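The values are calculated or read from the model by the stated rules, or taken from the named source; none is laboratory data. Since the structure is predicted, the reported quantities are computational estimates derived from the model, not experimental observations. Because the Cβ atoms are built from the backbone with ideal geometry, glycine has one as well, and the counts that use them run over all protein chains shown.
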């Protein structure tokens, strides 16, 4: 049982890093740049799209870190830990 939980913990940790890379880099950073460019290309320049695009780029690292932190918290709940209880003699 401990071996399965250890493997599941490692898989969750890897999945959280990959999810954070996807969300932080692709959705937030690249998506923010694309949103800013689309706002500039619009016939009447859309200042709200430009502003949200800049905000997405600025907060990309924080959101990526947040995804990793939540993923590692879930991983910590799944992985087996050594019991710190004292044995009664």
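Assorted remarks:
- Listing of helices (runs of 4 or more DSSP H) fully contained in the chain that carry 2 or more residues being out of contact with any strand residue (DSSP E or B) (no Cβ under 6 Å at 6 or more places or on another chain) and in contact (Cβ under 8 Å) with a residue 60 or more places away in the chain: 2-21, 60-78
- Check on residue 66, under 30 Å from residue 1 (Cα atoms), at pLDDT 95 or above and surrounded by 13 or more Cβ atoms within 10 Å (Cβ to Cβ): yes
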